[in-house]
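We did not get these values from a lab; they are worked out from the coordinates using the rules stated. Note that the coordinates shown come from a computational prediction; the quantities given were computed from them, not determined experimentally. Backbone-built Cβ (ideal geometry, glycine too); neighbour counts: all protein chains shown.
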Amino acid sequence: MPIEPSTEPGVFEPEATAAMGKAFDAACEELHCTSQPEVVRKLVATLVIAAASQGELDPIRLRMVALAGFEICRPRGLAASVSASTAQ
């Protein structure tokens, strides 16, 4: 059964927070956030939080949502090569 966010806006159950943290770390690793401006990490966090606020708490899908937020910024060739490398 999915974990529902707390009734207070912006507050999540511990299990949800753990899933969000996992998704954030995985997305940042894939995007090489340590070599990116801080705004990239903030955008990843914003995308993960937004998806979790809508009820999505699966870490894999949260990561996919965060990465999808960057897809519109990538040239087609790069997006295809990144997709191919993540499928392995």
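For this structure, a couple of remarks:
- When each of Thr34, Thr46 is scored by the number of other beta-carbon atoms lying within 10 Å, the sequence from fewest to most is Thr34, Thr46.
- Residue order, fewest to most surrounding Cβ atoms within 10 angstrom, among Glu38, Glu56, Glu29: Glu38, Glu29, Glu56
- Gained length - Glu13 relative to Arg41, 0.36 nm times residue gap less alpha-carbon distance: 7.9 nm
- Approximate spin-label separation Arg61-Ile49, in nm, with each point projected 7 Å along Cα-to-Cβ: 2.1 nm
- Rounded to the nearest whole Hz, the Karplus-based 3J(HN,Hα) values (6.51 cos²θ - 1.76 cosθ + 1.60, θ = phi - 60°) of segment 52-61 follow the sequence 5, 5, 8, x, 7, 10, 7, x, 5, 5, with x at glycine and proline.
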